[in-house]
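A.B. asks: Can you keep this structure in mind? I'll have questions shortly.
The values are calculated or read from the model by the stated rules, or taken from the named source; none is laboratory data. Everything numeric here is computed off the predicted structure, so don't read it as measured data. FYI the Cβ positions are ideal-geometry reconstructions off the backbone, even for glycines, and counts take in every protein chain you see. These area figures cover heavy atoms from the full protein model, side chains too; ligands, DNA and RNA do not enter into them. Shrake-Rupley method; radii C 1.70, N 1.55, O 1.52, S 1.80 Å.
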Amino acid sequence: MILASVRKVVRHGTRFPTRHQSTGLAPRPSRLRYGQNQSDPRGWESVIGLEVHAQILALSKLFSAGSGRTLGSANSQVTLFDASIPGTLPVINRRCVEAAVQTALALQCRINPVSTFDRKHYFYADLPTGYQITQQRKALAVQGQMDFSVLRSENVPHSYYHSVGITQLQLEQDSGKSLHDAVAGKSLIDLNRCGMGLMEIVFEPQLSDGEEAAAMIHDLILILKRLGTCSCKMEEGALRVDANISVNRPGEPLGVRTEVKNLNSIRSLANAIEFEVSRQIAVLESGGIVENETRSFNFSAKQTLPMRDKEAKQDYRFLPEPNLPPLRLCDTPPGTPTDKTNPHIINIHDYRETLPEMPNVQRQRLMTETGISIESASQLVDQPNHLAFFEKAMTHKPQNPQILVNLLQLSVVEMLNILDISLEQSHLSAGQLVELAEIKHNDELPHNIILKALKTLVEKHYPSAESLIQEMDWRSTVRNVNLIQGLVTEALRNEKKLVKRYFKGKDEQKVAVSLAKIVDKSYPGDLDMKLVTQVIRDSLKEMATNTQ
């Protein structure tokens, strides 16, 4: 649903104030991103607003006892109310209201103590009633804000924080699904999804490009999963995104927008926005006019395609839902004179007190408390089991948390993927990882030996990393200069062809690497390969000096 407030922004060019946080990170890049060349110094800027439909994770549907599972055989999860049998009436699902309240609080929304339901009339075969029960006039929550981070990538030179306003969050029914058989020339209807509870979240148009939109949806998914209010399985339709996109010259009113519907993956969202922005700019620069239309996204072709125009305003004939009273919530701390202990009343205060730490707050806390980078903090927040492991390791007070998190996120993760096991299934303990991080920080052992020790600790049980190091006698052998010098001298004596190539100035780097591998193979134990390579170079230089 496109709300009137969003329409007003697009038509009249009113800009919402962008809210930033003081983070110490690089400033948010300018919106001026497109067409910055000599022929067009003014360039273009794009404005994107998103609407998200999140299917509520509940045992039953919003207004009926129909199962909250939608993946069964077609039309196997349909009640009489879902099929719009005369005489059936809606009964609101308490769990759906609780989920919406939790989500609204997490998104810093103002929750209305009284909200109402309306009928939105339109006629599709997968909507048996001919109307959808929604909250058009007075939604459950309004005026929120979502804070998220955009991480450095190929298209983003610096990581930064951004905030986007939320117009409103409302409860509404989902429709069924139409299945089109082109061969038979028929359309089939599956009503399993019909009546499922949805949270529609309308964001203000304060995004600049596909990367910002993708980062915002990524964080929204983290929030909803952490709350347990939506499965966020976009491939199953549990989370669907519509993108409203327009372009304009800096300082000019917002351009005509198009709406790209039902984007079902984060990468599709980013690609659809980038294509649509480029398409609109090309249309305007060729003297054309951008049509106010609804478009779909073809993932294979990575293009948006027209579905229908929006010039003719559709009359949804919004009417108050006569079979549902206003939804009333209270917000009182326990024990106050106005405390309502009726089990049928939902108290906003109860959910505010139990709200978990939000991803963006968690990132900033990790950065502040440990000094790790925003990229490392974001990766930890994305993987709760790794975050718990890291926080347990931090109780050992490592000198350099960034080295610790790098070992965890790069080396350990790679080993776990190779072994096809989880962190919990490995033998590595938080204390052992801290030991290795300290050894690396103090440069007590080379990186290749630390990785070998790490792999061993992941695969086998040892009381400590130090016990493994002592058993392998790495401290006394890997950096034994006399031992390495002897091995290098022998290799240079035996590999006269490689030495000759080096002195001819052919592939000096490859010759040094080849000689280092030969030295490594000649010794049954482990060596500091960086030191081996350095001794080889020094020995070759000395040989060159002596022959002159």
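A.B. asks: Give, in nm to one decimal, the length gained when the segment between Asp507 and Thr368 is fully stretched (0.36 nm per residue of separation minus the Cα-Cα distance).
C.D. replies: Full-extension gain reported as 45.3 nm.
A.B. asks: Counting only residues 5 or more places away or on other chains, whose amide H sits under 5 Å from the amide H of Leu188 once H atoms are built in the peptide plane?
C.D. replies: Leu179, His180, Asp181
A.B. asks: Helix-only estimate, please: 222 nm mean residue ellipticity of the chain, summing -39500 (n - 2.57) across DSSP H runs of length 4 or more and dividing by its residues, to the nearest 500.
C.D. replies: Theoretical 222 nm ellipticity from helices: -11500 deg cm²/dmol.
A.B. asks: Can you tell me the orientation of helix 447-459 relative to the chain, as the angle in degrees between its alpha-carbon axis and the longest Cα principal axis, to the nearest 10?
C.D. replies: 60
A.B. asks: From the backbone phi of the range 284-299, what are the Karplus-calculated ³J(HN,Hα) couplings (6.51 cos²θ - 1.76 cosθ + 1.60, θ = phi - 60°) in whole Hz, Gly and Pro given as x?
C.D. replies: Karplus-based 3J(HN,Hα) across the range 284-299 equals 5, 6, 8, x, x, 10, 6, 7, 7, 9, 9, 10, 10, 10, 8, 5 Hz.
A.B. asks: Below 26 Å, Cα to Cα, which lysines can Lys500 reach? Residues fewer than 8 away in the same chain don't count.
C.D. replies: Lys510, Lys517, Lys521, Lys530, Lys541
A.B. asks: May I ask you to list the lysines whose Cα is less than 27 Å away from that of Lys225, ignoring any residue fewer than eight positions away on the same chain?
C.D. replies: Output for Lys225: Lys61, Lys138, Lys177, Lys233, Lys261, Lys392.
A.B. asks: Between the helical axis of 529-547 and the dominant principal axis of the chain, each derived from Cα atoms, what acute angle in degrees is found, rounded to the nearest 10?
C.D. replies: 40
A.B. asks: Accessible area per residue of the chain at 1.4 Å probe, in Å²? Could you put the intermediate results ahead of the total?
C.D. replies: Details: 26910 Å² over 548 residues.
Accessible surface, normalised per residue, equals 49 Å².
A.B. asks: Here's something else I'd like to know. For the pair Ser476/Lys233, report the inter-label distance in nm, with labels modelled 7 Å from Cα in the Cβ direction.
C.D. replies: Spacing of the two 7 Å Cα→Cβ label points: 5.8 nm.
A.B. asks: Residues of the range 166-204 with the amide nitrogen closer than 18 Å to a label point 7 Å from the Cα of Arg352, along Cα-to-Cβ, please.
C.D. replies: 169
A.B. asks: Now for a separate question. Ignoring any ligand, DNA or RNA, what whole percent of the accessible area of the chain comes from carbon and sulfur when the probe is 1.4 angstrom?
C.D. replies: Heavy-atom surface of the chain belonging to carbon and sulfur, 1.4 Å probe: 52 percent.
A.B. asks: Looking only at the range 256-292, which residues have a backbone nitrogen under 19 Å from a spot 7 Å from the Cα of Arg249 in the C-beta direction?
C.D. replies: The answer is 256-257, 278-291, whose backbone nitrogens lie closer than 19 Å to the label point.
A.B. asks: How much FRET efficiency would the formula 1/(1 + (r/R0)^6) give for Arg69 and Thr332, where r is the Cβ-Cβ distance and R0 is 25 Å, rounded to 0.05?
C.D. replies: The value I calculate is 0.10.
A.B. asks: Where does the range 481-547 land on Rg(C-alpha)/(2.2 N^0.38 Å)?
C.D. replies: Taking the Cα Rg and dividing by 2.2 N^0.38 Å, one obtains 1.01.
A.B. asks: Another question, then. If you compute Rg/Rh (Cα atoms, Kirkwood Rh) for the structure shown, which of (1) 1.07; (2) 1.09; (3) 1.01 do you land on?
C.D. replies: Read-out from the structure maps to (2).
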